[in-house]
Amino acid sequence: MFSKALTTAIQHLTDLSDANKALFNAVLSSRRLKKGEIVLQEGAVCRAIYFVEQGYLRTYHNKEDGSTINLNFTFEGEFTCDSKSAMKCEPSKMSIQAGEDTLLWIFDLDKVTPEIKSHPTVGQFIRRTAMQMLLASEVRGNLLKIYTPAERYHYIEQNMPHVLQRVSLSHLASFLGVSRETLSRIRAKKG
């Protein structure tokens, strides 16, 4: 059931012996999403960790004024979830949607949780996955707090060029915390 990409990702986080493979198989499922399909709806409790095999996911928040703020993009080989919702079992304040046709692996937290005490590998996997997602969140937070809009765009160009190739300008502008017009001016100055 494991793909090569998923096996590699898990092995970077914890031991993946045959016994552990069987354990992970019991808590895993795969799902194909069409572009625009929602995997976590705002208001639902997040009970999964998602691994992107193919495609990408967009995490966003809908504001009361009708605008949308893009919080994260999760590409191939990366994990995502709403950590706060998952940890506190409270309704999510964000949605997670397929940015293009996507193949996901879903770690069911309701099945994983009972295994944590008896299988330390599962607990180690959850902790390390959470740390990976926290670090990614910190990068975005620092981008918004420390850098100017032009510097943010330059950072994306240098460190995440795939985002520029696959994410719409409207979604990228929201992610960078600028209007689409400001993003267009920044891009025009670059070229």
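Couple of notes before you dig in:
- Cα-based Rg / Dmax (Å) for the chain: 17.5, 57
- For ALA44, the residues whose modelled amide H falls within less than 5 Å of its own, excluding neighbours fewer than 5 places apart on the same chain, are SER92.
- Å² of accessible area per residue within the chain, as computed with a 1.4 Å probe and no ligands counted: 54 Å²
- Between region 50-71 and region 1-28, the alpha-carbon center distance in angstrom: 27 Å
- Counted charge near ALA26, where neighbours are those whose Cβ lies closer than 15 Å (Asp, Glu -1; Lys, Arg +1): -2
- Cleavage-rule hits (trypsin sites (Lys or Arg not before Pro)) in region 1-42: DSSP loop, at most 10 neighbouring Cβ within 10 angstrom: LYS34
- The chain, accessible surface, carbon-and-sulfur percent (1.4 angstrom probe): 52 percent
- Region 25-129, relative contact order in percent, only Cα pairs under 8 angstrom and at least six apart counted: 41 percent
- With contacts taken as Cα pairs under 8 Å and at least 6 residues apart, the chain reaches a relative contact order of 24 percent.
- Using the Cβ of VAL163 as centre and a radius below 14 Å, the other residues enclosed give a net charge of +1, where K and R count +1 and D and E count -1.
The values are calculated or read from the model by the stated rules, or taken from the named source; none is laboratory data. Just so we're clear, the structure is a prediction, and the values are computed from it rather than from any experiment. Glycine gets a Cβ as well: all are built from the backbone with ideal geometry, and neighbour counts include every protein chain shown. Just the protein is used for accessible areas: all its heavy atoms, side chains included, with ligands, DNA and RNA removed. Shrake-Rupley method; radii C 1.70, N 1.55, O 1.52, S 1.80 Å.
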